[in-house]
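The values are calculated or read from the model by the stated rules, or taken from the named source; none is laboratory data. Everything quoted here is computed from the prediction, not taken from an experiment. Positions of Cβ are backbone-derived with ideal geometry, glycine not excepted, and every protein chain shown enters the neighbour counts.
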Amino acid sequence: MSSALRIGMRQAMRCGAPGIRRSVHPAIGASSRSLASKTSPKQAVAAVQAAPSQQSSSGYFPEEPAGPIMKTEIPGPRSKEEIKRLDKVYDTRNLNMICDYANSYGNYISDMDGNVLLDVYAQIASIPVGYSNPALLLAATSPQMVSAIINRPAMGNFPQSDWAEILETGLLKAAPKGMNQVFTGTTGSDANELAYKAAFMWKRKQERGGADVEFTQEEMDSAMNNQQPGAPQMSILSFTTGFHGRLFGSLSTTRSKPIHKLDIPAFDWPQAPFPMLKYPLDAHAKENAEEEARCLAETEHIITTFPSPPAAIVVEPIQSEGGDNHATPNFFRGLREITRKHNILMIVDEVQTGVGATGKFWAHDHWNLSDPPDMVTFSKKAQAAGYYFGNDELRPNKPYRQFNTWMGDPARAILFRAIINEIERLGLVQNTAETGEYLYNGLEQLAQKYPNEIKNLRGKGQGTFIAWDSPRRDEVLKKAKSVGINCGGSGATAVRLRPMLIFQKKHADIFLEGMDKILQS
Ligand SMILES: Cc1ncc(COP(=O)(O)O)c(C=O)c1O
């Protein structure tokens, strides 16, 4: 760190300079709870050091509220006013809640009217270790982070001197089995598109005869006209009801809802059927196995006959946006076999399932693959994004083929490292597995009590990655807010649970009680 930066930081800490002290640590307010976001770095260090290394009776965030605090209906008067103001300059039709993050803590999210809700949606499954987490605050206020933010490097050309160290001690520490390299991007859609590009370049390199074979003039000329052979007729195979993002390439592999795709030109790429399983899975093992065999056979047929041959398949371990659709490890092992047999790549999209939510760090760890996937994409809870891989052949044959200005963001990688450390320190993957089991059992009981309200309960043994179908889903989600629970949906009818990794049994109890109340009404 330069001395100017060090002096600037020191002064900022001493004087409460705007942009560092005030914005990161707003003055301690009226609330008696000492929110992490109102904590100085010194206090944050103390908080991290003092925090329990094991789950204690008071939990990971000892000063969390004991339950939701509801003061007004949602949106309340202050939120309504702010929404009106915002709508003049920003489309608010997607808006769920207008939030006060300085007052959000642990598992609880606050709105502008002082309502504090148990959050089991967690920014569309992307907050791993709690709002205002002191360990993240510490990482966020470190000189290394400040430099990464204000001197944002163009990583491909000018990586910072500690980039290898940040990767080795962070992202790569969490790399899936068999993977020792990463290409960083910015969002889940970006991560997938980068992986698709890597797959196409890998395939064409093979077809051309290896990394040393030069491009032909015809290839170079035709590429400039978006024509073959430079822009080859190849594809990425995805599955019905899958979701892989909304940028142009990723959107062509997204098959969840027409509203995501309408009016946008798309590649003519194939989709294979994703198994439509019956729940609970163990009670329908035989027919589910037949359904999976059918889908595997169809996938293989498409791979061998589709006019634009796939260079890769992309698949989610649990289809998330598309409605929380599960398949068994057998299905995924079958996909691995088929992709090997036909020399195409297997990309596992762990953007939503990754980083602990299923009770394993990566959801595909549940499959016991002896032969790992070729690429695993990530984002959301990682805050950073990109794809992991282990095969050197997946590096393009020349520089600048897989490239962009930022190629990710060291600030997000530093944050992911702090998240990984926090997950390890507190054993949060194990916590999620245990809490998930408890929550699932509670929901099973609720499903017995309300069989017409909770249908197709799913996610057993998958941590807190739990969902069910509800005949009045949108009403249930709305009513959940009135009892202080922020909950999301997926697909057309599913209620999906995506709590953070710090969600514990006491939070599950609050959630189950709240659901009981809603389903009675
Ligand atoms: C499985 C999966 N892949 C990709 C994406 C796209 O990520 P992003 O919205 O960050 O582009 C999502 C987002 O929900 C996702 O769930």
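Descriptive notes on the structure:
- Look at (1) in a loop (DSSP other than H, G, I, E, B); (2) under 23 Å from residue 374 (Cβ atoms) and you find that residue 268 fails only one, number (2).
- Which numbered condition residue 316 misses (of (1) buried (at least 24 other Cβ atoms within 10 Å of the Cβ); (2) more than 12 Å from the ligand (Cβ to nearest atom)): (2)
- Only one of 285, 311, 272, 289 that is surrounded by fewer than 15 Cβ atoms within 10 Å (Cβ to Cβ) and modelled with pLDDT of 95 or more: 285
- Considered as a group, the residues in region 334-381 that are of a type in the set (Ser, Thr, Tyr) and within 16 Å of the ligand (Cβ to nearest atom) include one that is farthest from residue 464 (Cα to Cα), and that residue is 377.
- When region 121-162 is filtered for residues that are assigned to a helix (DSSP H, G or I), surrounded by fewer than 20 Cβ atoms within 10 Å (Cβ to Cβ) and either in contact with a Lys or Arg (Cβ under 9 Å, 6 or more places away or on another chain) or not aliphatic (A, V, I, L, M) (or both), the ones remaining, listed by number, are 123, 124, 143, 144.
- Residue in region 185-198 that is away from the ligand (no atom under 14 Å from the Cβ) and either more than 19 Å from the chain's Cα centre (by Cα) or not in a loop (DSSP other than H, G, I, E, B) (or both) present: yes
- Hits in region 185-223 - residues which are within 22 Å of residue 167 (Cα to Cα) and β-branched (Val, Ile, Thr): 186, 187
- Of the candidates 248, 267, the single residue that is more than 16 Å from the ligand (Cβ to nearest atom) and surrounded by fewer than 21 Cβ atoms within 10 Å (Cβ to Cβ) is 267.
- Qualifying residue in region 169-176 (condition: part of a loop (DSSP other than H, G, I, E, B) and more than 16 Å from the ligand (Cβ to nearest atom)): yes
- Of the strands (runs of 3 or more DSSP E) entirely within region 322-425, those holding at least 1 residues that are on the phi > 0 side of the Ramachandran plot occupy 385-389.
- When residues in region 382-399 are screened for being within 16 Å of the chain's Cα centre (by Cα) and either of a type in the set (D, E, K, R) or more than 12 Å from the ligand (Cβ to nearest atom) (or both), 1 of them pass.
- Condition met for residue 298 (under 23 Å from the mean Cα position of the chain (by Cα) and either touching a residue at least 12 places away in the same chain (Cβ under 8 Å) or buried (at least 24 other Cβ atoms within 10 Å of the Cβ) (or both)): no
- The set of residues in region 455-483 that are surrounded by fewer than 19 Cβ atoms within 10 Å (Cβ to Cβ) and small (Gly, Ala, Ser) comprises 461, 482.
- Of the criteria (1) touching a residue at least 12 places away in the same chain (Cβ under 8 Å); (2) of a type outside the set (Phe, Trp, Tyr); (3) closer than 20 Å to residue 109 by Cβ, which one residue 494 fails: (3)
- Scanning region 229-240 for residues that are within 16 Å of the ligand (Cβ to nearest atom) and crowded, with 21+ Cβ neighbours inside 10 Å returns 236, 237, 238, 239.
- Filter pass, residue 83 being under 17 Å from residue 485 (Cα atoms) and either surrounded by fewer than 22 Cβ atoms within 10 Å (Cβ to Cβ) or at pLDDT 95 or above (or both): no
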